[in-house]
Amino acid sequence: MTNSKFVRIFVQNIVMIATSISDFRKDIKNYLNKVTDNFETLIINRGKDSGVVVISLEEYNSLQATQHELSSNVNETRLDSAIEKFRKGDLFSKEIVD
């Protein structure tokens, strides 16, 4: 990014970029490319206790799918069970028929 000021923030192994609204305006294309190409999360500060978060459409869709999967106790229990089986190595394979 040319002459843009940005800060990388690390929160629980998640990298986010933070910038001001004026720096975002100056280099909008590069910021949006970082979001879409590198799966970065961009935080645009708009003043005291105000801001906007920008994520890629792919990341948004992933969050929505996760929210849907965890929206009921039945789904959440089934996913937890599958994760636990995977961790224990309790796996099986199936042949895919064309």
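The values are calculated or read from the model by the stated rules, or taken from the named source; none is laboratory data. Note that the structure is a prediction, hence the values are computed from the model and not measured. Don't worry about glycine lacking a Cβ; one is built from the backbone with ideal geometry, like all the others, and counts go over all protein chains shown.
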Listed by first then second residue, the pairs whose first member lies in the range 29-57 and is farther than 11 Å from residue 17 by Cα, whose partner is among the β-branched types (Val, Ile, Thr), with beta carbons under 7 Å and at least 6 positions apart or on separate chains, are 46/21; 46/52; 51/43; 51/44; 52/44; 56/35; 56/36
Filter the range 56-90 for residues that are touching a Phe, Trp or Tyr at 6+ places or on another chain (Cβ under 8 Å) and in a helix (DSSP H, G or I); the one that is surrounded by the most Cβ atoms within 10 Å (Cβ to Cβ) is 59
Among residues of the range 31-43 being over 12 Å from residue 58 (Cβ atoms) and of a type in the set (Ser, Thr, Tyr), the residue modelled with the highest pLDDT is 31
Over the range 21-50, the set of residues surrounded by 10 or more Cβ atoms within 10 Å (Cβ to Cβ) and at positive phi is 39
When every residue in the range 58-67 that is within 10 Å of the chain's Cα centre (by Cα) and hydroxyl-bearing (Ser, Thr, Tyr) is compared, the one farthest from residue 21 (Cα to Cα) is 62
All-but-one check, residue 46 against (1) part of a strand (DSSP E or B); (2) at pLDDT 90 or above, failing number (2)
Contact list, first residue from the range 65-92 and free of Cβ contacts under 8 Å to residues at least 12 places away in the same chain, second anywhere and assigned to a loop (DSSP other than H, G, I, E, B), beta-carbon distance below 6 Å, six or more apart or interchain, is 76/70
